[in-house]
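J.: Structure provided below as structure tokens; questions to follow.
Laboratory data are not the source of any read-out in this text; all were calculated from the coordinates shown. Since the structure is predicted, the reported quantities are computational estimates derived from the model, not experimental observations. Cβ placement follows ideal geometry from the backbone for every residue including glycine, while neighbour counts extend to all protein chains displayed.
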Amino acid sequence: MSALKFFITTIVLVLFISNCNAQLSPPGLGTTQSAFWGAVGVRQKLDAKNTSVTYVGIGRISDPEGDANPFKKQSIIVLNQEFYHKLNTHWQYSYALSYRSQNQYSSKEPYEAESPTTHQEFRGYGRLSYTAKIGSVKWKSTFREEIRKFYTPDFETVEDDFQLRSRFKTQATIPLDVYSESSLVGSAEALFSISNDDTEGWSDFEYKESRFCLYYSYSPDSIPVTFDIGYMNDLIGHGHHIKDANYLAFDIVLENVF
């Protein structure tokens, strides 16, 4: 598949499939065959228009080749705080701050830890979302812009230390029962970025990857908790240089506990 055809296919999927924005969805974990993502969060309604979402998550990965055990190696720890503001029945914006510590491994056997062993990331981002209902199905399309800054464990600079990234998503939530306790959420997302290398300067603004999710979500009326379990396929690159990874994801969100 040519780069142009892949780009067009990705945009069509993004416009007409979905987005797993309701879940604490997995971050990209780099070159791996399989991965596990788990998170625990609190979603707190502050007033009629404002909501806070706080969560901590961990990710584990397999080797790039050979052993495909998704729990084999520690990959990432994430701390995230996001605030949502509802403008009206259709439009919503949000803003967030995030800290991430991600382990670095060699791309060659035996895939041992690199030096520096981890990269620290500080991230800020904002979203603008539009939501509509078609029958019982809720559709949500989102544009997200990120600023990412990377450091070594000692807060020294790294290559490609600063990045601007644009993400385009859309989402469909399908209720599975009349009480909407159970639902399916499907997703597609395209990511584009431009990076600053500390020696070579800014790169071109380029397509980087696509992520496709399918989640089962359960929110029982009897307790203020939402359980999500899902799958994500991460396609990195395009044309003849595509690599993909399969993620198992699970999260628990406590609802309005304060």
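J.: Under a Cβ-only charge scheme (Lys and Arg +1, Asp and Glu -1), can you give me the dipole magnitude of the chain about the Cα centre, in debye to the nearest 20?
T.: Numbers: 24 positive and 31 negative charges, 236 e Å.
Once rounded to the nearest 20, the dipole reads 1140 debye.
J.: Say we join alpha carbon atoms closer than 10 Å with springs in a Gaussian network model of the chain; which of P110, P26, P70 then has the biggest fluctuation?
T.: Result for the chain, Cα springs under 10 Å: P110 fluctuates most.
J.: Okay, moving on. At a Förster radius of 30 Å, what calculated FRET efficiency corresponds to the Cβ-Cβ distance of L214 and N50, to the nearest 0.05?
T.: 0.50
J.: Additional query: Can you tell me how much longer the chain between S136 and E181 gets when fully stretched, taken as 0.36 nm per residue apart minus their C-alpha distance, in nm with one decimal?
T.: Full-extension gain reported as 14.9 nm.
J.: Here's a follow-up. GNM on the chain, C-alpha springs below 10 Å: top fluctuator among A35, A48, A245?
T.: Residue with maximal mean-square fluctuation among A35, A48, A245: A48.
J.: GNM on the chain, C-alpha springs below 10 Å: top fluctuator among E121, E65, E109?
T.: Looking only at E121, E65, E109, the biggest GNM fluctuation is shown by E109.
J.: Under a cut-off of 30 Å between alpha-carbon atoms, report the lysines in cross-link reach of K49, not counting same-chain residues fewer than 8 places apart.
T.: Leaving aside lysines fewer than 8 places away in the same chain, those within reach of K49 are K86, K133, K138, K140, K169.
J.: Moving on. Over all directions, what mean area does the Cα convex hull of region 150-243 project, stated in square nanometres?
T.: Across all orientations, region 150-243 yields a mean hull projection of 9.4 nm².
J.: Looking at the chain, what % of its DSSP beta bridges pair antiparallel, to the nearest 5?
T.: On the way: 125 of 135 bridges.
Counting only bridges with both partners in the chain, antiparallel ones make up about 95 percent.
J.: In whole angstrom, how long is each semi-axis of the equivalent ellipsoid of the chain, when you take the square root of 5 times every eigenvalue of its Cα gyration tensor and sort them from largest down?
T.: Here the semi-axes work out to 30, 21, 20 Å.
J.: Lysines near K72 by alpha-carbon distance under 29 Å, same-chain residues fewer than 8 away left out - which ones?
T.: Within reach: K108, K149, K208, K243.
J.: Then there's this: Angle between the Cα long axis of helix 3-16 and the longest principal axis of the chain, 0 to 90 degrees, nearest 10?
T.: Helix 3-16 sits at roughly 20 degrees to that axis.
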